[in-house]
Amino acid sequence: KESKERFNVPNENELWSFISEYWIVKNIEKLKWNFEKPDYGLEEYFSKFLENQGYYEVNFKILLLDSALVPHFSLPSNPNEAIFLISLPFVRTLDLSKLEISLLLFEDFLRNKMNQFKRKVSPLELEGNLGLNFQKKEFPQKIFNDILKGYDEVVFDKGFNFEEQFELTIKMEKILKPSSNLWNGYLGMIEKIGNLAKTNTLYRDYAKLY
């Protein structure tokens, strides 16, 4: 039985964190995450931030990048997990506070809750292959190659469209507006980023991604 299980395709609840972590390793040269990072205490702060919004015991990872190529993203993950990428040069250029970083991560967190990323990278054939055993069949390699190509397109090129961003902003407004501190912080952060995208050529494609 144990040897047969080695040939199982992961099910929906096991697949996404595995693929996201594989994609991160595969793109180490572009993402530049393998460097000595300062301890900002960001994980503890963001954990409390999530709890204050009603999200408890989320198993998340925040990966700081020494590159301006990817300002920030949350990659698809398993239920009650989250994988965040955030650019240290982006944070430093904007001089973002822990609250502003947390608002940015929370926006990405909600985007994944809405499955915006996952819908873009899931081939039609994926669902029919989840949890299947391929011990005596050909492994559906093309499906997973297509998913990885989809990650490249979303993160490095196409990002999200206006309708998706609008849907997300409405959700953020509904959650944050009862707190003037959070809502004003969010609006101020958006303004900062907008000004940066207009004035810094490193981030000229920001509006295309988000």
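The values are calculated or read from the model by the stated rules, or taken from the named source; none is laboratory data. Note that the coordinates shown come from a computational prediction; the quantities given were computed from them, not determined experimentally. Please note: Cβ atoms are built from the backbone with ideal geometry, for glycine as well, and neighbour counts cover all protein chains shown.
For residues that are in contact with a strand residue (DSSP E or B) (Cβ under 8 Å, 6 or more places away or on another chain) and not in a helix (DSSP H, G or I), scanning just the stretch 79-107, find the one that is modelled with the lowest pLDDT. Only one residue tops the list, namely N80. If you check K37, K48 for being of a type in the set (K, R) and modelled with pLDDT of 95 or more, only one passes: K48.
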